[in-house]
Amino acid sequence: SDLPYDQFVQWQIAGDQIEPQNPLAWMATGFLGGGVFPTQLTETEFEKTRYDELDDMVATTGVAFLGLSIGCARCHDHKFDPLAAEDYYRMAATFERTIRSEKTFDLDPAENERRRLQYDAKLKTARDELAVYEKTGLPKEFHEWLANEKIDKNLSKWQVVTGEISSSGGSSFQRLADESYLAQGQPPNQEVVTFTAPLGKPIAALRIEALADASLPNKGPGRAPNGNFALCKVEVFVVGKDGTRQKMQLSSPRATFEQDKNSLAVASALDDNASSGWAVDGQIGRDHAAVFDVASPSSVAADERLQVELSFTHPNPRHAIGRLRISVTDASAAVAEVGEVGPPEEILKAIAKLQSQTSDERHASERDNSADWQQGLAWFKSQSARYLAITNAVAEIEKAGPGIQLTTVLVSSEGLPHLRHHADDRGYPHFYNETHLLRRGVVTQKVSVVTPGFPEVLRKAPTSAVSTSEATSEPNQARRQLAEWMTDIEAGAGSLAARVIANRLWQHHFGKGIVASPNDFGEMGDRPSNPELLDWLGQELVEQNWRLKPLHKAIMTSQTYLQGNKSANDPHSKLDPENVHVWHRAPRRLEAEAIRDSMLVVSGELDSKMFGPGTLDQNMKRRSVYFFIKRSQLIPSMMLFDWPEHLVSIGQRQSTTVAPQALMFMNSQQGRLYAESFARRIATDNAENTVAAAYSTAFGRKPTPSETKVGVEFLARAKELRAGAEKAEAERLAIADFCQMLMSMNEFIYID
């Protein structure tokens, strides 16, 4: 990105306030929340932890942008630099109410708008098709069904019974489209559910279905926390018109599944033990059915009602069925099965009446507008394969949604819901309304309340910018003022911030900054080797509107950068043996990430996709910057090449040389896979051409005549060592060996 550096700094500190409509500005504030954040706290640690969090923000901001160890003033005035403890706590007060949070953004609005329009069009087409079929196609299909279907055949199926349902425990029930009843509200510990319905037909068997549902624990079918139930007693009565009840005798209990063959078997639902009952643990989340024969098939007259009582009285609480359906059949030896139901009795009557009516045109309109027609057509929707297919298509589109891709990121701001913390249930406040000056940094030794401000040593003549004495008491304004002051050349710390980043750029290109201690421009830091050059670079950056790319270009096109290595007899070697004044090019090893990325590039395996989530998978093919940092699961190849500590600001990485680094290139599985992919890219029919292609790809140059000779000899010898393999395979492995050897050379990982 060519984002100006002053804007980059401001976004890191207060991007959410400076450009609240810009997701990237919000995302930049994650810098403030990227430090250590312990989550296992006791109440006595709350306030200390918050001050530790403020310290991370202050100290990291100080070293990263100002090159000052202001964090040293937490316990007392800085021992070496003119930074008072009060300066430290005023700066801490700037972040007084800044907390970690998460915010969701649309990072690709144009593409998401395209997805939304495409979804709306697709959904409209599907809904229009459904509306047309429901208006014309479905009635026509129902007409044909009435003319051709023999409704009598449905009498041998299970007939769903619909009626009134109540609970002694106060549960309410919602009647669903499939004529099942879904329990609502908090389940009572025990209850008796009573179901009463008109019937008027013979009954040979009763079926009780316990159906799974997403609203139940573990999808049910029970209401217990684990999704189970225990049906302790089933009783069936015929209720006369005068309210008298005659009990039906049930026998031959059977079920699709029962938890055991003893107290939790389906037979337990017919005994007198209130602590036993049919249960289904072992197949939680599935539909189940229990069937009970009526001892001698009975008829329920038209003016009588069927009443079913289901007792859930098991000692384990809340073990009731969460979604049930009751059906009957007049067929003997009915099988225990889920589903396979015919129309409810009321539907059968409506259909029978419709089929008995004449279908000539004189009466068609009257019939098609009758209550029986509407009732039958509503049921027929569930039987029409065409209607169900269109309905399911609409539902699938609605379920999939427009596919809008949003991104949730860590931000640091005020007034947002705080990031979840394990101590929330114990009242962790996340911030305190006042910031105190602490003696020796101890929270129990509060000296006075402080307001937001800037370090006095960097404060210039009063301007429109807020000075130390004028700092506002509103933390949400102070953070923005700090951000603007940080890059203010006239009245703030802008000149220092420009020098600090210019020094880091110089260090990036030469391996060592003009100030060799990039995080410490104070008294204990190193003196600049060329103060005038550092001043010029800082001024040049500001004159280029804080854009870093022109400064990169100026450095890389300078005579200093274009120098070669030193010669053995160069007189400068005695005057400046440490190369402080950069009189020659010092070889510098690549960082861990760049080494791994270089291997991916030359092998042709690099996935150049940008943005998106990171990973802990060391076999991923994206740039190494997309590795997650997890202290208990660090990436081995990164650690080999001095991956730094990620929880604190590191001004300059170490560069060590240890044997395992060479072994990674020579023996690791990843190194070999990269070498084989590299070999596939450059394999030719001519050994000399292969060597030339390998050097060009790995080093960006042609091989010397001696390197070509050695390379050709290497390939020939490597093929001889694999004489037992097929010629093509031996040649492939030989080229892979050569590529692996090139990647193991210093030239591959050193900038020379």
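Checking residue 72 against (1) in a loop (DSSP other than H, G, I, E, B); (2) open to solvent by 50 Å² or more (accessible area, probe 1.4 Å); (3) within 22 Å of residue 649 (Cβ to Cβ), only one condition comes out false. Which one?
Single failed check for residue 72: (1).
Out of all the residues in the range 144-166, is one or more open to solvent by 50 Å² or more (accessible area, probe 1.4 Å), part of a strand (DSSP E or B) and of a type outside the set (Ser, Thr, Tyr)?
Yes: one or more hits.
Go through the range 548-569 and report how many residues are among the charged types (D, E, K, R) and surrounded by 14 or more Cβ atoms within 10 Å (Cβ to Cβ).
Residues flagged as among the charged types (D, E, K, R) and surrounded by 14 or more Cβ atoms within 10 Å (Cβ to Cβ) within the range 548-569 amount to 1.
Taking residue 486 and the conditions (1) more than 20 Å from residue 70 (Cβ to Cβ); (2) crowded, with 18+ Cβ neighbours inside 10 Å, which numbered condition does it fall short on, given that it satisfies the others?
Of everything listed in (1) more than 20 Å from residue 70 (Cβ to Cβ); (2) crowded, with 18+ Cβ neighbours inside 10 Å, residue 486 misses just condition (1).
Residues of the range 18-33 being under 26 Å from the mean Cα position of the chain (by Cα) and in contact (Cβ under 8 Å) with a residue 60 or more places away in the chain, which ones?
Passing the criteria: 23, 26, 27, 29, 30, 31, 32, 33.
Among the numbered criteria (1) crowded, with 16+ Cβ neighbours inside 10 Å; (2) farther than 22 Å from residue 458 by Cα; (3) under 39 Å from the mean Cα position of the chain (by Cα), which single criterion is violated by residue 508?
The number of the failed condition is (1).
Of the residues 46, 80, which is surrounded by fewer than 20 Cβ atoms within 10 Å (Cβ to Cβ) and in contact with a Pro (Cβ under 8 Å, 6 or more places away or on another chain)?
When all the criteria are applied, what remains is 46.
Identify the residue in the range 90-143 that is of a type in the set (S, T, N, Q) and part of a helix (DSSP H, G or I) and, among all such residues, is surrounded by the most Cβ atoms within 10 Å (Cβ to Cβ).
My answer is 94.
So, in the range 408-423, exactly how many residues are outside any loop (DSSP other than H, G, I, E, B) and either open to solvent by less than 50 Å² (accessible area, probe 1.4 Å) or hydrophobic (A, V, I, L, M, F, W, C) (or both)?
Residues meeting the conditions: 5.
Looking only at residues that are touching an Asp or Glu at 6+ places or on another chain (Cβ under 8 Å) and of a type in the set (Gly, Ala, Ser) in the range 15-39, which one is surrounded by the fewest Cβ atoms within 10 Å (Cβ to Cβ)?
Here the residue is 35.
Please go through the range 526-556 and pick out each residue that is β-branched (Val, Ile, Thr) and farther than 15 Å from residue 582 by Cβ.
Once the filter is applied, which keeps residues that are β-branched (Val, Ile, Thr) and farther than 15 Å from residue 582 by Cβ, the range 526-556 yields only 542.
Give the residues of the range 238-260 that are more than 25 Å from residue 338 (Cβ to Cβ) and open to solvent by less than 40 Å² (accessible area, probe 1.4 Å), sorted by residue number.
238, 239, 240 - these are the residues of the range 238-260 that are more than 25 Å from residue 338 (Cβ to Cβ) and open to solvent by less than 40 Å² (accessible area, probe 1.4 Å).
Name the one entry in 539, 559 that is within 16 Å of residue 504 (Cα to Cα), polar (S, T, N, Q) and out of contact with any Cys (no Cβ under 6 Å at 6 or more places or on another chain).
Details: 559 fails: within 16 Å of residue 504 (Cα to Cα).
Checking each option against the conditions leaves just 539.
Of the residues 584, 552, which single one is without any contact (Cβ under 8 Å) to a residue 24 or more places away in the chain, out of contact with any strand residue (DSSP E or B) (no Cβ under 9 Å at 6 or more places or on another chain) and not charged (D, E, K, R)?
Just a single option satisfies the conditions, and that option is 584.
Which is of a type in the set (S, T, N, Q), assigned to a helix (DSSP H, G or I) and under 47 Å from the mean Cα position of the chain (by Cα), of 684, 708, 657, 690?
Exactly one of 684, 708, 657, 690 is of a type in the set (S, T, N, Q), assigned to a helix (DSSP H, G or I) and under 47 Å from the mean Cα position of the chain (by Cα), namely 690.
Taking the stated definitions as given, is residue 428 more than 27 Å from the chain's Cα centre (by Cα) and at pLDDT 90 or above?
So residue 428 fails the test.
Confirm whether residue 275 is surrounded by fewer than 18 Cβ atoms within 10 Å (Cβ to Cβ), hydroxyl-bearing (Ser, Thr, Tyr), touching a Pro at 6+ places or on another chain (Cβ under 6 Å) and touching a residue at least 12 places away in the same chain (Cβ under 8 Å).
yes
Just checking, how many residues over the range 534-549 are in contact (Cβ under 8 Å) with a residue 40 or more places away in the chain and either assigned to a helix (DSSP H, G or I) or over 40 Å from the mean Cα position of the chain (by Cα) (or both)?
Within the range 534-549, residues that are in contact (Cβ under 8 Å) with a residue 40 or more places away in the chain and either assigned to a helix (DSSP H, G or I) or over 40 Å from the mean Cα position of the chain (by Cα) (or both) number 6.
From 210, 230, 204, which residue is in contact with a Pro (Cβ under 6 Å, 6 or more places away or on another chain) and modelled with pLDDT of 95 or more?
Testing whether each residue is in contact with a Pro (Cβ under 6 Å, 6 or more places away or on another chain) and modelled with pLDDT of 95 or more leaves just 210.
Kindly indicate whether any position in the range 527-547 is open to solvent by 30 Å² or more (accessible area, probe 1.4 Å) and touching a Lys or Arg at 6+ places or on another chain (Cβ under 8 Å).
Scanning the range 527-547, I find at least one residue that is open to solvent by 30 Å² or more (accessible area, probe 1.4 Å) and touching a Lys or Arg at 6+ places or on another chain (Cβ under 8 Å), so the answer is yes.
Name the one entry in 700, 651 that is open to solvent by less than 30 Å² (accessible area, probe 1.4 Å) and either of a type outside the set (Val, Ile, Thr) or within 26 Å of residue 508 (Cα to Cα) (or both).
Only one candidate passes the filter, namely 651.
Taking only the range 611-645 into account, find how many residues are surrounded by 15 or more Cβ atoms within 10 Å (Cβ to Cβ), among the charged types (D, E, K, R) and in contact with a helix residue (DSSP H, G or I) (Cβ under 7 Å, 6 or more places away or on another chain).
2
Any chance you could count how many residues in the range 519-533 are part of a helix (DSSP H, G or I) and within 44 Å of the chain's Cα centre (by Cα)? Walk me through it before giving the result.
Just the residues of the range 519-533 that are part of a helix (DSSP H, G or I), to begin with: 531-533.
Those left that are additionally within 44 Å of the chain's Cα centre (by Cα): none.
Here the count works out to 0.
Considering the range 379-397 alone, what residues qualify as being open to solvent by less than 80 Å² (accessible area, probe 1.4 Å) and either touching a strand residue (DSSP E or B) at 6+ places or on another chain (Cβ under 9 Å) or in a helix (DSSP H, G or I) (or both)? Talk me through it step by step, then tell me what you get.
Restricting attention to the range 379-397, the residues satisfying the condition of being open to solvent by less than 80 Å² (accessible area, probe 1.4 Å) are 379-382, 384-385, 387-391, 393-395, 397.
Listed by number, the residues that qualify are 379, 380, 385, 387, 388, 389, 390, 391, 393, 394, 395, 397.
The values are calculated or read from the model by the stated rules, or taken from the named source; none is laboratory data. Given the structure is predicted, the values throughout are model-derived calculations rather than measurements. No Cβ is skipped: glycine too gets one built from the backbone with ideal geometry, and neighbour counts run over all protein chains shown. The accessibility values were calculated without ligands, DNA or RNA, using every heavy atom of the protein model including side chains. Shrake-Rupley method; radii C 1.70, N 1.55, O 1.52, S 1.80 Å.
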